[in-house]
Structure formats: structure tokens, C-alpha cells
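In what follows, a single structure is set out as C-alpha cells and then discussed.
The values are calculated or read from the model by the stated rules, or taken from the named source; none is laboratory data. This one's a predicted model, so the numbers in the text were calculated from it and none came from an experiment. Here the Cβ positions follow ideal geometry from the backbone for every residue, glycine too, while neighbour counts run over all protein chains shown.
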Amino acid sequence: MNQNQLFRSTRWRLAGWYAGVMGLILGVSGFGVYEAIAHAHRVSADQELKSVAGMLHDSLEPTLRQPGRLETAAKRRLPNLCLMRDRTVDNQTQSTLGEFCTAERHTSPAHRLSAIHQGDYFIRFFDKSGQLIAQSGSPPQQLSTELIPENATEQSLLTLKDTSGLRYRHLVLALDTPTNQPWGYLQVGRSLADFDDYLASVRIMMLLGLPLAMLLVGVAAWWLAELAMRPIYQSYQQIQQFTADAAHELRTPLAAIRATVESVLRLACISEAESRETLQVIERQNYRLSQLVSDLLLLSRLDRKIQHNQWHLCCMQDLLNDIEEELAALAMTQQIKLTTDIQVDQPIQVLGDEEQLYRLIFNIVVNALHYTPAGGQVKVSLDCRDQWVLIHIQDTGIGIAPEHQKHIFDRFYRINSDRARVSGGSGLGLSIARAIAQAHQGTIQVHSESGKGSQFTIRLPKSV
């Protein structure tokens, strides 16, 4: 196949299209898998954040007494809580307001939330005006210490990003005192660094895996393109061989006719005997051409699986008896013993074309007679097993070498390539036999050894 430019270029195109389509499918599938992983982790992180924020809100709200002030009970529930205090410095001309964090550490481990203690969470408290009161955990330094109250009422999850590019997910909830007075706001957030690092590793694995996958797809595409084109290439070779063989078979009788006519035309006068001899040569070659064309037309019809409406039940015993009677003279001339063995008592019938079935068996028996030397034997037997009719044609001829057995049913294939009339016909007999068997939903097989003869087995479905 690689020696033919047309099939080689077609194979490259098929492999390219296959690899391109598979690459597109892999790319879209990889993007979908990545989005599914990201969505699953995002939903999981949001659910965890909502759960932590809800537990904090429900556990802290009963401890609140005065708006904007954290009670001792609330401080004990949070690890490393930092309170924001005011510091006033008076220099007689100006005063400045500063903020610093005082960490109040409580050694009691009771009521501490493990999620807050992990370090990726942070908590901030704001009063009603949005000023920061206290914070816990590890809040990003770049976040503002002020909170717009309007954002708090929405209770929606928001994503923040600091100047270094790190992302944070946070949720703001409103806090009330037990007397339903607005106390302030609770902001619970967490860093998305671990989430982003995981997605980055997934992207790296996909980016590294896609070229490797495309390489494997390319190799598979090249191999699959060769598999897909192999039967086409074999058909192409068969067509080329068929064209060459058919041209050779047609050229031989045509050349004989032309040579005969030209030789007669060179004669100044021709006698009646010479005229008859010339016409006989032309008739012989014309019959050979007609027979070859008929065989090719029959093969064409059988290839198209044209089933004639004239199919009917055919008695196989009668067919075998007719073939034995017709070929008896040929067998006697070649000094070959031709026998028929009917191994069933009841008539065996097959639905099909009687003429084609007759030719199927006739071609195999004639082929056996041609390749059996004088003193040999050709035996035709009929048997029936289950729903199959079995016809065995066994001879004691020269046999068929193993390298030829898989080709003997090919059109124009002949073991002897000289194509002489004494060694056989045009090489279509076994091809026609197999085509007829297949048209009748049957099979034909051969078992042979060189120098020990051959046995052809025809299997046809039995008519119920």
C-alpha cells in the first residue's frame, strides 16, 4: 500500500482527520472534566464555608448583649481573637486615631471550631456602621478594614483577590442581640490557595497529558487508517489483476481470429475446404469469447446477489446422477473412475436455481477430472447433517500446495500460469462455484495435500 502514491496520501488524510477529530473530542472532554472538577470543589468549599459561618452565627448570637461589643463568652469560642482598640495622642495641636490588635488568648479548648483553627479561615466582626471590631484567623492584609452594610444584607458568597493574586471566598451575616437589636456583622472567609493550587496541578497534568494522548492517537490513527484501507486496497489490486487477466483472456481468441483472417486475406484465391477450416477456427474462438463473457456476466450477477424468481426446490440426488451421466464419457476417455455415493435414503432438496446448482457441482467435478491422472478415481458423495446438505468431491489427483489453496477461488487464478487449454480453462470455474454457493447461503471448502489428492466440501442449506 505504501508503494502506491494515491493510497499513501489517502492514508495520511484519513489519519489526519481521525487524529484531528479525536484531538478535538479529547480537548472538549478535558475542558469538561476540568470544569466539572472545579465546580465540584467550588461547591464543596462553599458548602463548608456556609456550614462554618452558620455554626458561628448560631453559637455567637445568644452571647451578644450590647451592639458592637463582644462578650467574654463570645471571645472564648474563638481562637486567637484580636480586638481592635483606639489610641489617642494629643500634642495640643492635633490628635490622631490609630488602631492596633490585642490578642486575647484563651487556653480553654472548649467550643473551638476545628475549621477556624486550621489557619485557612478568617473571621471579622463589624459594628453597625461597618467599622472593624475584631478579627481571628489569618485574614489577608490587603482587605479593607471597613465593610459596606448593604453588602451584608445580601448574605451572598463573594470572591476577593488581594494584590498578590491570591483569592479568598467570604460570606457576611448580620448579627442581632437576643432582644432583636442589630448588633453588627460577621464576616467568615477562607483562602482559596489550596483550591487554586490543586486546579493548577490539574491543568498542568492535562497540558502535559494532551500531547502524549495526541501522539498515541496519531499512532492509532495511522494504524486504523491502514486497517480501514486494506480491504479497499485489496479490492483495487483484485480489480487491477482482473483487468489484466480479462484482457489476456480476451486478447488470445481475438488474436487467433485476426491472424486467421489476415492469413486468408493474403491468399489470391481460397478453396471451399480452406473456407470451412477458416470458419471453424473463427467459430471456435468466438465460442471461447462467448463463454468467457457469459462467465463474467454470471459472476457480476452473483456479486450483486440477484435472486431470480425462478428459484424452486431442486433434488440433489437427481443433479448428481445427471452430472455423473454427462461426465461419464470424459472420465472413461481419461481412464478415471467416476463414482457417486448417495448416503441418504430420502430425497434431499435445496431451494435455488437448478442450473446454477448444477454448474456449481459440475465445475468442481470437471476440475477434479482435469487434475487426476489416468488410473485415478473421483468420488462424489451426498450426505445430510442437521439442516445442511453436504456434497463431497474427492479425487486422487496431484493435490494443491498450501500456498495455492487460499487463492484457487480467485478469479483467473490458475496454479499453472501458462493458461494452455490442455491444463484448464480461463480460471473462472472455481470462482463461479464459490459465487454460486454464496448466493445460495452456502460455503465451499477445500482440503488438499500435494501428491495425495483433494477434497472439496460444498455446504448448502437444506429446504425444510
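Considering only the stretch 304-330, state which residues are of a type in the set (Val, Ile, Thr) and modelled with pLDDT of 90 or more. Correct list: 323 only.
The residue pairs whose first member lies in the stretch 1-30 and is on the phi < 0 side of the Ramachandran plot, whose second member is basic (Lys, Arg), and whose beta carbons are closer than 6 Å, counting only pairs six or more residues apart or on different chains, are 2/8.
Selection of first residues in the stretch 160-180 that are outside any strand (DSSP E or B) and of second residues that are surrounded by 15 or more Cβ atoms within 10 Å (Cβ to Cβ), restricted to Cβ pairs under 6 Å at least 6 apart or on distinct chains, gives the following pairs, ordered by first then second residue: 162/140; 177/64; 177/183. Restricting the first member to the stretch 46-63 and to residues that are closer than 17 Å to residue 192 by Cα and touching a residue at least 60 places away in the same chain (Cβ under 8 Å), and the second to residues that are among the hydrophobic types (A, V, I, L, M, F, W, C) and assigned to a helix (DSSP H, G or I), the beta-carbon pairs closer than 6 Å and six or more apart or on different chains are 52/115. Scanning the stretch 156-193 for residues that are among the acidic types (Asp, Glu) and more than 25 Å from residue 75 (Cα to Cα) turns up just one, 162. Of the candidates 13, 42, 8, the single residue that is under 30 Å from residue 121 (Cβ atoms) and of a type outside the set (S, T, N, Q) is 42.
In this structure, is residue 241 modelled with pLDDT under 85, farther than 30 Å from residue 287 by Cβ and assigned to a helix (DSSP H, G or I)? Lay out the reasoning, then the answer.
Values: modelled with pLDDT under 85: yes; farther than 30 Å from residue 287 by Cβ: no; assigned to a helix (DSSP H, G or I): yes.
No, not satisfied.
Being in contact with a helix residue (DSSP H, G or I) (Cβ under 9 Å, 6 or more places away or on another chain), assigned by TED's automatic domain parsing to the domain that holds residue 411 and buried (at least 17 other Cβ atoms within 10 Å of the Cβ) is a property that holds for residue 331.
Just one residue in the set 60, 81 is at pLDDT 85 or above, of a type outside the set (Lys, Arg), within 19 Å of residue 175 (Cα to Cα) and surrounded by 16 or more Cβ atoms within 10 Å (Cβ to Cβ); that residue is 60.
Can you say whether residue 344 is in the same structural domain as residue 434 (by TED's automatic domain parsing), over 20 Å from residue 427 (Cα atoms) and buried (at least 18 other Cβ atoms within 10 Å of the Cβ), as far as the supplied structure shows? So residue 344 does not fit the description; no. Exactly one residue out of 61, 35, 48 is over 30 Å from residue 201 (Cα atoms) and among the acidic types (Asp, Glu), and it is 61.
Residue 183: of a type in the set (Phe, Trp, Tyr) and without any contact (Cβ under 8 Å) to a residue 40 or more places away in the chain, yes or no? Walk me through how you get there before you give the answer.
Values: of a type in the set (Phe, Trp, Tyr): yes; without any contact (Cβ under 8 Å) to a residue 40 or more places away in the chain: no.
No.
For the stretch 116-152, the set of residues classified as more than 60 Å from the chain's Cα centre (by Cα), over 19 Å from residue 75 (Cβ atoms) and modelled with pLDDT of 55 or more consists of 128, 129, 130, listed by residue number. Out of all the residues in the stretch 326-345, is one or more small (Gly, Ala, Ser), assigned to a strand (DSSP E or B) and in contact (Cβ under 8 Å) with a residue 40 or more places away in the chain? Scanning the stretch 326-345, I find no residue that is small (Gly, Ala, Ser), assigned to a strand (DSSP E or B) and in contact (Cβ under 8 Å) with a residue 40 or more places away in the chain, so the answer is no.
Quick one: is residue 185 among the hydroxyl-bearing types (Ser, Thr, Tyr) and either farther than 30 Å from residue 130 by Cβ or within 21 Å of the chain's Cα centre (by Cα) (or both)? If you could, list the steps in order and put the result at the bottom.
Numbers: among the hydroxyl-bearing types (Ser, Thr, Tyr): yes; either farther than 30 Å from residue 130 by Cβ or within 21 Å of the chain's Cα centre (by Cα) (or both): no.
Judged against the criteria, residue 185 is not a match.
Quick one: would you say residue 53 is in contact with a helix residue (DSSP H, G or I) (Cβ under 7 Å, 6 or more places away or on another chain) and surrounded by 14 or more Cβ atoms within 10 Å (Cβ to Cβ)? Explain how you work it out, then say what you get.
Numbers: in contact with a helix residue (DSSP H, G or I) (Cβ under 7 Å, 6 or more places away or on another chain): no; surrounded by 14 or more Cβ atoms within 10 Å (Cβ to Cβ): yes.
Answer is no for this residue.
Just so you know, in the stretch 374-396 the residues that are in contact with a Gly (Cβ under 7 Å, 6 or more places away or on another chain) and not in a strand (DSSP E or B) include one that is farthest from residue 462 (Cα to Cα), and it is 376.
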